[in-house]
Amino acid sequence: MLESYAILAYSEQKIRKYGRSFCSWLQKEEGRKYIKRHREHEQFVKEELSERTLQKLNQQEFIKVLANLWVFRAWKNKTWIIEKIITKNGFAKLKIEFLKLLYGADDFQKRFDRFQKNVSGINISTMSEILSMIYPENFCLWNAKTKKVLKFLNCSLDERLFQRSIISGEEYLQCIHFMNMIKNELRDYCVKDFIDLDLFIWKIHEYDFLNYLKRKRKFDHSQIQERFEENSIWVVRPSRKKRLDKEQNIIEYKMISIGWNELCDLAFLKYKNYLINHSEVSSWGISNKISPNISVLCKFLREIKINDVVIVPMFSKGNKTVDIGKVLRDYGFQEINETRYLMKVLWLSKDIPIDNLSANLK
């Protein structure tokens, strides 16, 4: 039931202020260029993923279509990512699930939830982009950029919808309901459907929100130490092997982790009075390759404490940024998406350009 999610508030004055600016921008050459691109993208998705065309697509054609989605723009190797999604799900199954989601006769919420349950690797950003392009009157685009701008505009919505990348059909309908209210608020400011609204969101993000971040995100080592003067600061770098998967886990599950998932639960190493006897290493399942890194395991288990600051470089998308957070819960042995040794983290700030950090933190 939608009533279980309360819409709290949004700033009509602020939205209308940016609406006036948006409508004026659309009259300029740059604005006309970008609305043209949005409408061309709408036409592309509608044609290439129409029910009839989707049924006929072979795997390589399907990969090319998905590679043209905005959600994959940041990735250097789009084909590899999409092939990985296809491998996980199977091409025939993936096509069937998309057909059911986009053109099925069942209630939309049921179709959405079934797709989420049956398909791995396709999140709300991808689903909502396709839905909004095919049905711009009915479905909104819901991604990280949308959520950042809504917060920038002082919009208040159930916090779970801002925090999670995987949401239910009921929750997505709540997002649509909220975005429709904003769209209606902007009907006198050149916003007629959800594609116009997405361009409105994009324009604020690129021209206003990012400038705001540049003023706010001048992180300095001394400022962080002052805020967390009794806590340590750790840099946790995802290894190059499967870096993309690890970074996605960090973002989606709000955690940091350490590798070597073949090991047993090493909670006993947390106790400093436990002396490591290298002769028993084999009983932990530690190979000779891992043995030299026992000190790294111990540091992760023993020295990172609750409320310590963690800085995580996020380089797989080609953008040199970092996320900064604090540890909420120390070591736990838990299986989450092929990761077993983790600590829960509250992210304080994300996507900080590494050039904004002081030399001590780089």
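Quick note: the coordinates plus some simple rules give every number you see, no bench work behind them. Because the structure is a prediction, the values reported are computed rather than measured. Don't worry about glycine lacking a Cβ; one is built from the backbone with ideal geometry, like all the others, and counts go over all protein chains shown.
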Loop sites in region 83-148: GluC sites (Glu not before Pro), DSSP, at most 12 other Cβ within 10 Å: Glu137
field: Volume of the Cα convex hull of region 2-216, divided per residue and given in Å³
entry: 132
- prompt: If we sort 142-155, 15-28, 35-48 on the protection proxy, mean other Cβ atoms within 10 Å, highest first, what's the order?
  reply: 142-155, 15-28, 35-48
- line: With 0.36 nm assigned to each residue of separation and the Cα-Cα distance removed, Asp107 to His177 gains 23.5 nm
- line: The long-range amide H neighbours of Trp234, using H built 1.01 Å from N in the peptide plane and a cut-off of under 5 Å, are Val309, Val310, Ile311
- request: Would you mind counting up the charge near Gln13? Only other residues with Cβ under 13 Å from its Cβ, with Lys and Arg at +1 and Asp and Glu at -1.
  value: +2
